[in-house]
Every structure is written in structure tokens, then in C-alpha cells.
Amino acid sequence: MDGAVLVTGGLGYIGSHACVELVRAGRRVVALDSLANSSAAVAERLAELTGRPLSFVHGDVRDIGLLIRVMREHGVDSVLHFAGSKAVGESVGRPVAYYDNNVGGSMALIAAMHGAGVRRLIFSSSATVYARGGAMPLVESSALDAGSPYGRSKLFVEQMLFDLRASDPAWSIACLRYFNPVGAHPSGRIGESPRGVPNNLVPFIAQVASGQRERLQVFGGDYDTADGTGVRDYVHVLDIAEGHVRALDYLERDGGGCVAVNLGTGQGVSVLEMLREYERASGRPVPYAVAPRRAGDVARCWADASLAQRLFDWRARRSVAQMCEDSWRWQCANPDGYR
Ligand SMILES: NC(=O)c1ccc[n+]([C@@H]2O[C@H](COP(=O)([O-])OP(=O)(O)OC[C@H]3O[C@@H](n4cnc5c(N)ncnc54)[C@H](O)[C@@H]3O)[C@@H](O)[C@H]2O)c1
């Protein structure tokens, strides 16, 4: 592990937590970010958390020349690729922008890695690549069929990476399929900083608990689940970050291959269960109203996370209570995120 790790999207929500965990594991890190959905303040907070300045490059992952230069200058031998656009709803209205950033960005990165002689890659994939309506838990061999341009962009990149590895055994690649990353660093210094109305449940609940929003809209109260609300597999963002450190160790140890691996807890939690847990953590009421189901949502979705345990010796360790406590600490200390 002599080389540096390039973290694209390294100032984003998950990428920033991965930077902390990589440094903690003794890795040299270079973060690259366009700041399209993040803030330069994150670099300062990462320096504060890790006790050393962060090598940060402000740039776009689609800039092949820049990427090659950065990889050569810093002696990069592995890449964690978080950079991309992530809002499922927005991707329906702006599909080409999503394919450009997510597929085009990944293609540019691969070209740059090729140019710089770097062949080890961890790609941020998502549980949205799985077909709807399948049996739970989702295993990596479950049917794939993404339901949105965002999900398809992840699926295309995964398939491209499998083809790439089949054509050239020098590559070692892991596509990590995250379920629902939530929470924040326990220091309260880095966390999720949504712009505008949060797309995800926990940041929305956080803003209701803090009084920034009046009430939570619960989409669907008549699902075939214990309390009628949708059930998801929420996983602490630091567990996700640790999963990347373990996956990188695995790729270095076991060499080649291209694997797709779920990162989830294996436990389903309903919207109302999460809401109650958040009320406990914050000591605040979270008013809510049940609204009609949202098109495209499934009743339940959770991971079989045993492959990550077998391959990387990784398992999510943090409880739903910790997810809520860490989210609340972040929310209280940073009511406007990084702004
Ligand atoms: N958060 C989730 O719920 C979730 C779930 C599954 C998968 N993912 C994937 O994980 C990755 C990270 O997600 P996140 O939640 O940290 O999102 P995020 O938006 O917080 O982080 C992405 C980062 O990439 C940067 N970026 C975007 N386009 C770029 C480009 N062209 N060049 C350089 N930087 C660019 C953004 O500024 C941002 O800092 C994404 O690829 C996302 O699709 C996220």
C-alpha cells in the first residue's frame, strides 16, 4: 500500500467519510471534486479531523488530462470513484446530464487510469440496480433492472467494468452497491448537506426535528409491511466508508477480478420506525402526514450483506440509534449544512 488513493467526489457526503477512514488506515489520499454538490470547507474539516492537510484537487472527473496528471504527480495506485450525480427524481428530467456525468465521467476516469497505468478501482454503485419486486433480501445475483436513468447509469458502468476486466486481467475492480447511507461522522464536523429539499428520508426528518420544516410526508401508509410504511436497509455512512477500506485491502490482497458487492446491514427499518428512533435521539417530536405512494417506490428493500463479510470481512456495526444520534449532532451543529 505504497501508492496514494485517488478519491473522486472526495468532498461529497460518502467520499468525505471515506477520506477520513482511509487516512485512519494509514493511506495517502488525494481528493478530487468539482464542488458541483459540495463545498471547499469540507477539505478544511477533513484536515482538522485527520490532523493533516488534505491533498485536494478542484476539477472535473471528465477531464482526462487533469486526471492523468494528478495520478502521476501523486503516485496514485488505486481509485475510489464516488463522483457523480445521485438524485433519482432529477435523473428522470435530465437523463442526458446524468449519463454524461455518471457514465461519461466513469469512461473518462477509466481512460485516465489506463493512461497513468492504474488498474485498481472501487466504484460507487447502488441498490437501485436491482429489479423491483424481487424476493428479499437482495443478493448480488438477484435480477438487475434499474428503474430510472440514474439507476441505469450505475448499471451501465457496472457492466462496462465487468467487460473491461474480462478484456484485461490486469484490472481489479469492486462495484459496491450501497443500500441507504445515513448518519454522519460522530464529531459532527462532516455529514450530508442537501441543497434545497432533501431527497432522502433521514435528512428530511432532521430538518423537521430542528424546526426547519413543518412535517414529514410519508409516501404510502398502506404497503404490505408491519406498519404500512416502506421498509429500507439504512446503513451508517461510516460503516460504508469502512467497507471501502476493507474492499481496497481485499483487492490488493486477492488481486484481480471484478466483483459486485452489497453494502447494507441486512435489516429492514420502516419509515415510522426510523421516525420514532429519530424522535428518541433528538428529544423532539417529528410530525408527519401520510401521503399517497410515490411512483416507482417499492414496499421493502434490504440487502443480504453476507458476501461483503466473506470477501472483505466487513459487516455494518452501527445501530439505527447511532445513525440518528450522529445525524442529529451534525444537524444541530450545522443547521445550514456547509453553507
Ligand atoms: N447517498 C446515497 O444514498 C447513495 C446511495 C447509493 C449510491 N450512491 C453513490 O455514491 C456516490 C457518492 O454519493 P454521495 O451521497 O456522497 O453524493 P454527493 O453528491 O454528496 O457526492 C458526490 C461528489 O461528487 C462531486 N462531483 C459530481 N460530479 C463530479 C464531476 N463530474 N467531477 C468531479 N466531482 C464531481 C460532487 O461535487 C460531490 O462532492 C455517488 O456516485 C452516488 O451515486 C449514493
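Structure values in brief
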item: Largest to smallest accessible area among K86, K154 [probe 1.4 Å]; result: K86, K154
item: Share of Cα-Cα pairs in segment 48-207 lying beyond 27 Å, as whole percent; result: 33 percent
item: Cα-Cα separations in segment 153-196 greater than 18 Å, expressed as whole percent; result: 54 percent
item: Solvent exposure, largest accessible area first (probe 1.4 Å, DNA, RNA and ligands not counted), of H74, H185; result: H74, H185
item: Beta bridges per DSSP with both ends in segment 156-292, % antiparallel, nearest 5; result: 10 percent
item: Heavy-atom accessible area per residue - the chain, 1.4 Å, Å²; result: 42 Å²
item: Inter-centroid distance (Cα atoms) of segment 18-62 relative to segment 139-176, Å; result: 26 Å
item: Shape box of segment 192-256 [Cα atoms, principal axes, largest first, Å]; result: 50, 31, 15
item: 12 Å tail of the calculated P(r), segment 1-52, as % of Cα pairs; result: 59 percent
item: The chain - share of DSSP beta bridges that are antiparallel (%, nearest 5); result: 5 percent
item: Rounded D (µm²/s) - segment 161-230, Kirkwood Rh over Cα pairs, Stokes-Einstein at 20 °C, 1.002 mPa s; result: 134 µm²/s
item: Radius of gyration and Dmax over the Cα atoms of segment 245-339, both given in Å; result: 17.7, 51
item: Rounded D (µm²/s) - the chain, Kirkwood Rh over Cα pairs, Stokes-Einstein at 20 °C, 1.002 mPa s; result: 106 µm²/s
item: Directionally averaged projected area (convex hull, Cα atoms, segment 142-276), nm²; result: 10.7 nm²
item: Choice from D163, D77, D60 showing the highest fluctuation, given a GNM over the chain with Cα pairs closer than 10 Å; result: D163
item: Expected 222 nm ellipticity per residue - DSSP helices of 4 or more, -39500 (n - 2.57), all of the chain, to 500; result: -12000 deg cm²/dmol
item: Among G117, G196, G104: highest mean-square fluctuation, GNM of the chain, C-alpha pairs under 10 Å; result: G196
item: Spatial separation of Cα centroids for segment 92-135 and segment 205-240, in angstrom; result: 27 Å
item: Whole-angstrom Cα spans of segment 1-91 along principal axes, big to small; result: 40, 29, 19
item: Debye, to nearest 20: dipole size of segment 207-339, +1 on Lys, Arg Cβ, -1 on Asp, Glu Cβ; result: 280 debye
item: The chain: most fluctuating residue of G255, G183, G264 per GNM, C-alpha cutoff 10 Å; result: G255
item: Considering only segment 1-151, percent of DSSP beta bridges that pair antiparallel, nearest 5; result: 5 percent
item: Descending principal axes extents, segment 94-174, alpha-carbon based, whole Å; result: 42, 30, 17
item: Accessible surface of segment 1-145 [probe 1.4 Å, protein heavy atoms]: carbon and sulfur percent; result: 53 percent
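The values are calculated or read from the model by the stated rules, or taken from the named source; none is laboratory data. Not measured: the values here are computed from a predicted model. FYI the Cβ positions are ideal-geometry reconstructions off the backbone, even for glycines, and counts take in every protein chain you see. Protein only, heavy atoms only, side chains kept; ligands, DNA and RNA dropped before computing areas. Shrake-Rupley method; radii C 1.70, N 1.55, O 1.52, S 1.80 Å.
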